[in-house]
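Heads up: the structure comes next, in structure tokens.
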Amino acid sequence: MLEGARARLYALARRLRRLERRELDSFGRWLEHTGNLLHLSVLVFVPLLIAAVTWLANMTAVISFLLFPPLASGTYTLFADPEGKYATPSKFVGGMTVGALCGWLALWLTAATGLDGGGVSTAGAALAILFTGCCTWGLDLEEPTAFSTALLVLVTRNAQFAYVLGIVVSSTFVASAFVLWRSRFYERRARYLYQTTSGDDHVLVPMADADETVARFAASIAGAHDAGKVVLFDVVDEEATEQRGEYVDSEAAADDGNEASTPAERAATDAGQRLESLADELAATYDVPCEVVVAADGSRSAGLTLQTARQQNCDLIVTPYAERDGGGLSSFVTGLFDSEIDVIAFRSNGTGRRHWQHSLVAVRGAGDTARAMLDFAIRVTQSGRTISVCTCIDSESRRRAAEATLADLVDAFPGRFETHVATTSVESYLGRVAPRYDVCFVGSSTDRSTASRFVSPPTFRKLSDLEADVAIVHRGRR
């Protein structure tokens, strides 16, 4: 009975760990969206920074509690929109300080001219706003919080200097924390948060009837990371080999001191030697370790390929693009898509490229698949080359939103980018510009609903005539 209870406890612990891993993975994918990351940063860092300033205010008389409203508002503006027009430390500190100085000047003038009628001066408030508007405009410090600090200084009475000094100290503290957060984390979020930038290092390539360009493309992806590895995978059909009557002269083999091999073993040896030769070439050209796996297990299937990928610890499969009769992806490719492993279906245009210098990434948004495509494009594109990212819209009213989406997408990655927003269909745009590029990345559309794919078929079904290699990227189910 004790052993049974212990076994049930172990089983419960395993289920809880699996649940915890799934929840953490779901949270990580939720956090990959920049909007969610910014909302979480606001909820975490703004309260912490205000708490730190409150502690300073309690410890010293320099910092007045009157600066809290503009400081909290300005801190929120920094973290909620770190790439916005107000998210500049100099504007943040300078704007708040200039506003406080303008309010101080207005208060002094009203007192000197006798316009201070007791309480908060009406003339002083008007002059504070006027001076602040002129100074922030002239100094290019258009900061909304400047007007708040200009008005609040009017109620400080004889503590104007302490108030201005508190503004300088507290705003500098917040701006320093913001700069540290933005430079060390936000601008490097692709490295810390996006799964493809830290994964997809071990790449499996099904090589049955595959163009060697597919293997080279996979090697260029894996070779971009120090932990990269390529596994060339082939399958020998034993029954088909026997039926073809392939054999080895057993007497000749005996003369050579070798035991006679079966036709299937001979075919597996030949396939292995062919792949070993290609593996050596890939290792030398792309500086990436290459392994060879040959299975004698009937015909090639998606299940066998996925099983091999898991056994070899591969987190990405680069497979040749294949269609079924009547159009659409073959059952082999769709079978690979229906798994937890990332997949790229690569279609070469027959030029036999070994390197890709110009890449185009066609996206619908800034989601998970778009980030994966951009990461793969960075890996295969030669260093220093500009990567083009495009999206297509159906009306000009969506242009600003589309431009903001592309800016949000490329901002998280290092490198040189150019973005394009076209008011046309994606297949028409790609058909026009594809000759300028070596490879075009498109999404697999597996994240769309069935009804959506029925009304508007996936883009890759319309790109068979592109004058460029095409990489169809699918993110695995997690």
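What follows draws every value from the coordinates through simple rules; no lab data is involved. Since this is a predicted model, take the numbers as computed values, not measurements. Every residue, glycine among them, receives a Cβ derived from its backbone with ideal geometry; neighbour counts consider all protein chains shown.
For the peptides 378-390, 69-81, the ranking by packing is 69-81, 378-390, with the highest mean count of neighbouring Cβ atoms within 10 Å listed first. Across the range 34-189, Cα-Cα pairs farther apart than 22 Å form 41% of the total. Taken along the Cα-to-beta-carbon direction at a fixed 7 Å, the label points for LEU165 and THR54 span 2.5 nm. Quick check: the distance between the Cα centres of the range 130-176 and the range 327-352, to the nearest angstrom? A separation of 59 Å, based on Cα centres. Sequentially through the range 216-226, phi angles give Karplus couplings (6.51, -1.76, 1.60; θ = phi - 60°) of 5, 4, 4, 5, 5, 6, 5, x, 6, 10, 4 Hz, Gly and Pro residues having no value and appearing as x.
Amide hydrogen proximity for THR419: with H placed 1.01 Å from N in the peptide plane, the residues at 5 or more positions away or on another chain lying under 5 Å are VAL389.
With K and R counted +1 and D and E -1, the other residues having a Cβ less than 14 Å from that of ARG354 yield a net charge of -4. Descending by average beta-carbon neighbour count within 10 Å, the peptides 228-235, 30-37 line up as 228-235, 30-37, the highest first. Note on the range 397-440: Kirkwood radius taken over Cα pairs, Stokes-Einstein applied at 4 °C and 1.567 mPa s, translational D equal to 108 µm² s⁻¹.
Less than 5 angstrom separates the built amide H of HIS202 from those of LYS229, ASP315, LEU316, all sequence-distant by 5 or more or on a different chain. Among HIS202, HIS225, a tally of other beta-carbon atoms within 10 Å of each Cβ gives an order, fewest to most, of HIS225, HIS202. Peptides 211-222, 304-315 ranked from most to least packed, by the mean per-residue count of other Cβ atoms within 10 Å: 211-222, 304-315.
Ordering VAL155, VAL361, VAL292 by the number of other Cβ atoms within 10 Å of each residue's own Cβ, fewest first, gives VAL155, VAL292, VAL361. The local environment of SER220, defined by Cβ-Cβ distances under 12 Å, has a net charge of +1 under the rule Lys, Arg +1 and Asp, Glu -1. Taking amide H atoms as placed 1.01 Å from N in the peptide plane, the amide H of ASN349 lies under 5 Å from those of ASP469, VAL470, each 5 or more residues away in sequence or on another chain.
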